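The values are calculated or read from the model by the stated rules, or taken from the named source; none is laboratory data. Predicted model, so just to flag it, every value in this text is computed and none were measured. So basically every Cβ, Gly included, is an ideal-geometry build from the backbone, and we count neighbours across all protein chains shown.
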Amino acid sequence: MEVLLPESLDEALAIKADRQEAIPLAGGTDLMVDLNFGRLRPSAIVDLSRVSELAIIRQENGHVFLGAGVTYATIGREMPAFKPLLQAARSVGSPQIRNRGTVGGNLGTASPAGDALPVLAAYDADVILRSRARGERSLSWHAFITGPKKTAIAPDELIIGARWRRLRGPGSFSKIGTRNAMVISVAGLCLVVDEENGRVKVALGSVGPTILRATQAEEQISAALGTSGSWQDPAVSLPDPVIDEFAELVAGAAQPLDDVRGTAAYRRHGCRVLARRAISWALNERRLPAWL
Amino acid sequence: MVVRMRVNGDWREADVWPGTSLLMFLRDALGLYGSKNACEQGECGSCSVWLDGALACSCLVLAAQAHQREVRTIEGLTNGDRLHPIQGAFVEAGAVQCGFCTPGFVVAVADLLNKDANPSPATVREALSGNLCRCTGYQKILDAVNLAAARLRADA
């Protein structure tokens with residue numbers, strides 16, 4: 001085994017061009033476990049923790065770029081304005097894990113339980129990839145994640161980061177697990193409201209082979225906010241049956257399996273509960289005066 | 001590969017298998033046995049160290065990732081044979097039973113009290129959420145944190 005320690009993005013891309021079998025290592029919170037338990041013996045590892053170009057957060061033209069090397073601890077400190085992302089970041093692991101784990105790692109591992117992923121899905125984020133030979137390309141999150149722990153990345157590419165259009169409106173990330181820390185989600189949900197376009201967006205984690213969007217639920221609640229006049233006047237509340245139907249549609253979008261962390265039925269119920277809470281929080285937040 | 005890092009202020013190096021974790025580098029190559037090896041998957045916190053000042057599970061860091069970097073371990077907290085005030089508080093509060101988790105806890109508590117000299121109970125629980133103890137039931141550990149925090153504030 002060989003470990004390569006590039007100091008810049010150019011150097012890292014050159015390594016990936018010449019050594020396509022080299023496995024990228026960032027915070028190590030997934031990869032090191034496989035290495036420690038002898039499940040992974042790559043011929044080469046390329047360490048990205050010194051590549052400072054990957055550890056940036058940038059806002060430009062109404063868009064946000066989150067570098068692949070940004071840790072959950074950094075999101076917790078520096079992105080208070082992005083509440084769903086902040087809540088997801090705070091729910092990851094423990095202080096030790098958040099100091100090391102990165103968004104790029106969540107993307108590269110592409111586990112349906114990656115807590116940042118439902119947030120990126122709800123934001124309709126693009127994943128930015130780069131290779132030395134072909135330069136940069138951008139894939140929507142759903143084109144990038146092709147299956148459980150499978151992505152569309154080419155062997156000579158690195159994940160540079162994620163980019164999304166900044167939304168105006170409330171949102172949240174919440175998850176279900178056995179304790180508040182060190183939990184692999186049994187079900188996770190991100191809901192964001194896009195006030196400008198009159199859309200509610202809902203993404204689910206840990207309840208299917210990949211991250212799922214609850215599109216029928218999104219259409220139902222977005223339309224209900226329209227017909228009730230609530231988009232124009234947030235003080236207008238939605239009738240309970242509308243919220244019930246929304247929660248049912250979100251639960252119906254899940255494709256859960258039974259496994260050691262929970263049954264399919266429990267996960268589906270979890271989605272129902274998370275959906276009801278998330279929409280209630282968002283509707284309450286919309287009623288708050290803007291100066292709060 | 002030859003890995004070289006500054007550990008508790010001294011430059012140390014060793015020729016190790018490139019897949020060696022920082023934890024195994026510290027224990028097997030440098031003979032620093034304070035950081036404990038238990039879960040090897042970041043669950044238990046008993047291998048907690050500082051890498052460039054940030055608290056981390058050394059089992060989840062490749063030793064090569066710490067090459068040319070600064071590492072501080074539990075051994076770096078003590079002053080010769082004198083216990084660090086946090087260690088003293090753990091002993092007095094009965095927060096040490098089998099003792100296996102203690103170095104990781106002491107490092108995590110030191111990290112917390114360095115950032116927040118008077119942490120709320122919720123902050124303490126959150127800061128120690130990555131460390132497991134199977135003996136104490138945690139209450140005496142929380143008592144030790146309060147005792148250590150009060151003493152360190154009094155000394156400051």
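A few notes on this one:
- Conditions (1) small (Gly, Ala, Ser); (2) in contact (Cβ under 8 Å) with a residue 40 or more places away in the chain; (3) at positive phi; number of the one not met by A:Gly135: (2)
- Flag for A:Ala116 being under 18 Å from A:Leu48 (Cβ atoms), aliphatic (A, V, I, L, M) and surrounded by fewer than 18 Cβ atoms within 10 Å (Cβ to Cβ): no
- Top-ranked residue in segment A:98-110 [being touching a residue at least 40 places away in the same chain (Cβ under 8 Å) and more than 14 Å from chain B (Cβ to nearest Cβ); ranked as surrounded by the fewest Cβ atoms within 10 Å (Cβ to Cβ)]: A:Ala110
- Residue match in segment A:118-130 (condition: within 14 Å of chain B (Cβ to nearest Cβ) and at pLDDT 95 or above): no
- Restricting attention to segment B:13-23, the residues being closer than 13 Å to B:Val71 by Cβ and buried (at least 19 other Cβ atoms within 10 Å of the Cβ) number 3.
- Among the criteria (1) within 14 Å of another protein chain (Cβ to nearest Cβ); (2) closer than 24 Å to A:Arg98 by Cβ, the one A:Pro6 does not fulfil is (2).
- Counting only strands (runs of 3 or more DSSP E) that sit completely within segment B:3-109, zero hold 1 or more residues that are modelled with pLDDT under 95 and touching a Lys or Arg at 6+ places or on another chain (Cβ under 6 Å).
- Residues satisfying the stated conditions in segment B:1-12, i.e. free of Cβ contacts under 8 Å to residues at least 24 places away in the same chain, of a type outside the set (Val, Ile, Thr) and surrounded by fewer than 14 Cβ atoms within 10 Å (Cβ to Cβ): B:Asp10, B:Trp11
- Test: residue in segment A:53-71 that is in contact with a Ser or Thr (Cβ under 7 Å, 6 or more places away or on another chain), within 17 Å of A:Arg163 (Cα to Cα) and hydrophobic (A, V, I, L, M, F, W, C): yes
- Qualifying residues in segment B:113-156 (those that are away from chain A (no Cβ under 14 Å) and part of a loop (DSSP other than H, G, I, E, B)) - the one surrounded by the fewest Cβ atoms within 10 Å (Cβ to Cβ): B:Ala156
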